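Student: The structure follows.
What follows draws every value from the coordinates through simple rules; no lab data is involved. Computed from a predicted model, the values in this text were never measured in an experiment. Glycine gets a Cβ as well: all are built from the backbone with ideal geometry, and neighbour counts include every protein chain shown.
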Amino acid sequence: MSEVTEHVHCLIIGSGPAGYTAAVYAARADLKPVLYTGIVPGGQLTQTTDVENFPGYPEGIMGPEMMEDFRKQAERFGTDIRFGYITSVDFTGPIHTIIVDEHKTITADTVIIATGASAKWLGLESEQKYNGFGVSACAVCDGFFFKGQDVAIVGAGDTAAEEATYLAKLCNKVHLLVRRDEFRASKAMVHRVLNTPNIEVHYTSQATEIMGNGQTVTGVKIFNSQTQEEKVLDITGFFVAIGHKPNTDIFKGWLDMDETGYLITKAGTTQTNIEGVFACGDAQDKVYRQAVTAAGTGCMAALEAERYLAAKEHAMA
C-alpha cells in the first residue's frame, strides 16, 4: 500500500444524482467533501437523452446537461470534485483507507458510497448504436416517449413482467421476448402479463438485431430457438429488462450485500455495517432505481455523515 497522501472528513465515491446531492449537503455542512467521479462522471444519466420526471425541470432536460447542473451546484458550495476511480478500500479501523487509481492513498473519517449500478445489456452492436434513440434499460424512465406506439421488451423475471405491464398502459402493443419456454417471474406477475390483452409473449425467442434508419429504432429481428424461425417485429422502442449489476465489487468482504451485490443498509437509513460508511443511490436500491430517489438517499447519507462526525467530536470533547 502506498504512503498516505491526504486525509479528508468526508469522501464521496460516485457522481450521479446520489453522489452530487450528498456533496451539496456535505459541503453546506462544512464537511469539505472530496468527490471522486468514477469512470463515468455523472453516472447512468449521462447515457440518457430526455429526463422528464425529475422535479424542477418542467420542460424536461437532457441527462448529461442535468448532471452538469448537479456538478456545478456541488462545486458552488466547495466540493472538491476529482476525476478518478477507487480501486480498493480498507475499512478495518475507525479511519477508512481508500486507494485511488491504484496508487494514491486517502484516509477519511466518513465515506459515502454512491457508485450506482449498471444495466445489463444483450451485447448487440445495434443495441449500443441506438441506445438513447429508441433503446432503453428503463421503461419507467422512457416509456412515456413511446405512447401509442409498438414496442418490445426483453426479459423473463419480475422486473421484465412489471415493466411490460407498465408499458402496456402507454403503448399500443408490447412484444415481450422470453428466451426460454417459461418465465422466471413470480406466478402473480406472470398472471398479470398473460391477462394484459396488448402484451404478446414470444417464448424461446431472442433479439438478434435492432433495426433502425440510422436515427431511430424501426424494428427488431428475433430468432425462435424452438422453431428455428427468424422474423422482424415492427417497433419504435426496444427495452432491455434483464437486470442491473450494482457497482460494488470493491466493497466485497467489507460491506454486507445481498446475493446480487446490492449494499445492505440499516432500515430507514443509509448506514452500512461499518461505522462511518454510508451507501446511497442505486448501489443500495434495487427497487426504485430513479434519479429522484437516488438524490433523496444522497441527502440522507450526508446528513447521517454529519451527525456521525458531530457525535464523534462530542464524545472526544
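Student: Below 8 Å between Cα atoms, with a sequence gap of 6+, how large is the relative contact order for region 167-309 in percent?
Tutor: Once normalised by length, the contact order is 12 percent.
Student: A further question follows. Using the basic label-point model (7 angstrom from Cα toward the beta carbon), what is the Arg180 to Leu194 distance in nanometres?
Tutor: Going by the 7 Å Cα→Cβ label model, 1.6 nm.
Student: Net charge around Phe91, counting only other residues with Cβ within less than 12 Å of its Cβ (Lys, Arg = +1; Asp, Glu = -1)?
Tutor: -2
Student: Using only the Cα atoms, work out Rg/Rh for region 82-131, with Rh taken as the Kirkwood radius, to two decimals.
Tutor: Across region 82-131, the Cα-based Rg/Rh ratio is 1.20.
Student: Pull up all non-local amide H partners of Ile235: gap of 5 or more, or a different chain, and H-to-H distance under 5 Å with H placed in the peptide plane.
Tutor: Gly219, Val220
Student: Mind jotting down the distance between the C-alpha centroids of region 215-231 and region 242-285, whole Å?
Tutor: If you average the Cα positions of each part, the centres end up 37 Å apart.
Student: Quick one: plug the Kirkwood hydrodynamic radius of region 236-317 (C-alpha pairs) into Stokes-Einstein at 37 °C, 0.692 mPa s, and report D in µm²/s.
Tutor: 233 µm²/s
Student: DSSP loop (so not H, G, I, E, B), at most 14 other Cβ within 10 Å: list which trypsin sites (Lys or Arg not before Pro) in region 205-292 pass both filters.
Tutor: Counting only loop positions with at most 14 other Cβ atoms within 10 Å, the trypsin sites (Lys or Arg not before Pro) in region 205-292 are Lys252, Lys266.
Student: For a protection proxy built on the mean count of beta-carbon atoms within 10 angstrom, sort 210-218, 148-156 highest first, please. Present the calculation step by step, with values, prior to reporting the outcome.
Tutor: On the way: 210-218: 15.6, 148-156: 22.1.
Averaged packing, sorted descending, gives the order 148-156, 210-218.
Student: For Glu102 and Asn224, compute 0.36 nm times the residue count separating them, minus their Cα-Cα distance, and round to one decimal in nm.
Tutor: On the way: separation 122, 0.36 × 122 = 43.92 nm, distance 4.59 nm.
Contour length minus the Cα-Cα distance gives 39.3 nm.
Student: What label, among (1) 1.10; (2) 1.04; (3) 1.33, belongs to Cα Rg over 2.2 N^0.38 Å computed from the structure on display?
Tutor: Matching entry in (1) 1.10; (2) 1.04; (3) 1.33: (1).
Student: To continue, here is another question. Please report, to one decimal in angstroms, the Kirkwood hydrodynamic radius of region 121-240 built from all distinct Cα-Cα pairs. Please list the in-between numbers first.
Tutor: Numbers: mean 1/r = 0.0716 Å⁻¹.
Answer for region 121-240: a Kirkwood hydrodynamic radius of 14.0 Å.
Student: Mind checking the dipole of region 272-317: about its Cα centre, +1 per Lys or Arg Cβ, -1 per Asp or Glu Cβ, Debye to the nearest 20? Mind dumping the intermediate values first?
Tutor: Numbers: 4 positive and 6 negative charges, 23 e Å.
Taking the Cα centre of region 272-317 as origin, the dipole is about 100 debye.
Student: Specify the longest stretch of the chain that does not include any exposed loop site, a site being one of the GluC sites (Glu not before Pro) with a non-H, G, I, E, B DSSP assignment and at most 16 other Cβ atoms within 10 Å.
Tutor: 103-181
Student: Show that you can apply the helix-only estimate: for the chain, add -39,500 (n - 2.57) for every DSSP H stretch of four or more residues, divide by all residues, and state [θ] at 222 nm to the nearest 500. Working shown, then result.
Tutor: Values: 7 runs with 82 residues, N = 317.
Result for the chain, helices only: -8000 deg cm²/dmol.
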